[in-house]
1. Report the paramagnetic label zone for H67: residues of segment 28-56 whose backbone N is under 15 Å from a point 7 Å from Cα along the Cα-to-Cβ axis.
2. Quick one: how many lysine pairs in the chain have C-alpha atoms under 21 angstrom apart, if they're 8 or more apart or on different chains?
3. Would you kindly find the accessible area of W95, with a 1.4 Å probe and non-protein molecules such as ligands, DNA and RNA excluded, rounding to the nearest 10 Å²?
4. Tell me, in nm to one decimal, what length is gained between S91 and D119 on full extension, where the rule is 0.36 nm per residue of separation less the Cα-Cα distance?
5. Quote the Stokes-Einstein diffusion coefficient, in whole µm² s⁻¹, for the chain, based on the Kirkwood radius over alpha carbon pairs, a temperature of 37 °C and a viscosity of 0.692 mPa s.
6. Got a sec? Charge dipole of the chain, +1 on Cβ for Lys and Arg, -1 for Asp and Glu; which of G110, P57, M73 is way out at the positive end?
7. In segment 140-157, which residues have a backbone nitrogen under 17 Å from the label point lying 7 Å from D32's Cα in the Cα-to-Cβ direction?
8. If you average the alpha carbon positions of segment 47-84 and of segment 108-157, how far apart do those two centres end up, in angstrom?
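The values are calculated or read from the model by the stated rules, or taken from the named source; none is laboratory data. For clarity, every value in this text was computed on a predicted model and none was experimentally measured. A quick note on method: Cβ atoms are made from the backbone with ideal geometry, for glycine too, and the neighbour counts reach across all protein chains shown. Note: accessible area is taken over every heavy atom of the protein model, side chains too, but ligands, DNA and RNA are not part of it. Shrake-Rupley method; radii C 1.70, N 1.55, O 1.52, S 1.80 Å.
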Amino acid sequence: MHSPFTLAYWKEKQPAGRTKFGWQGTSPEFGDIRVVYPAGRDVPNTIVTDVRGGLIPTATFETRGAHTDVVSMPTLNRATLRVGDGLVRMSRNRWAPTHRGRSLHMTYLGDAYRLTAIDRRAYKLSRQPDAEDPGVVITVRQSGRGSGRKVTVQAAGRVLPADVSLAALFSGVDRSVLTRRGAVRADPRATQNSGPVSIGAQKKHP
């Protein structure tokens, strides 16, 4: 178990280009943490969120496609996720009837993760237990309105730096399709189709 921490909302008008948004704060164990979206240079048909901090690996979530020019944060469609130099494999069943069934499944350095919506403003990141580690569950909740918004991060279990990177990163990703209402809004066929889908490249990371 590690100490809960809070990230405060911020936004910054750029001299040229998109306004940047994000969350920032300090974890007692992992130091300063800053989430930025859209991050990096303005590139057509691409939008990126990144998270970085003193004791956590930098992580990036990138979405490509024409729709990226009209959204403020990446979506789960056509996405690529990296932690440090490693590519994270992702998959989900977008038509599953429950929040758990629609979870985003990830694999990084042999660890299996699951991102599950609690509701529109909260989610859980779970690293699955194995023979050597009991795993961890990190709960992230957004509260407040306008410039007073904040994100609270609370963990149960043995927390690794990559766990914190992933948990914080998704505060800057559009997770709405992990909820049933969001999935139906994204595609009315949600009530008629089923089956798993893969997200982005499925290459093995180094």
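1. It comes to 45-48, nothing else.
2. 5
3. Roll a 1.4 Å probe over it and W95 shows about 40 Å².
4. 8.1 nm
5. 190 µm²/s
6. M73
7. No residues fall inside that zone.
8. Going from one Cα centre to the other spans 17 Å.
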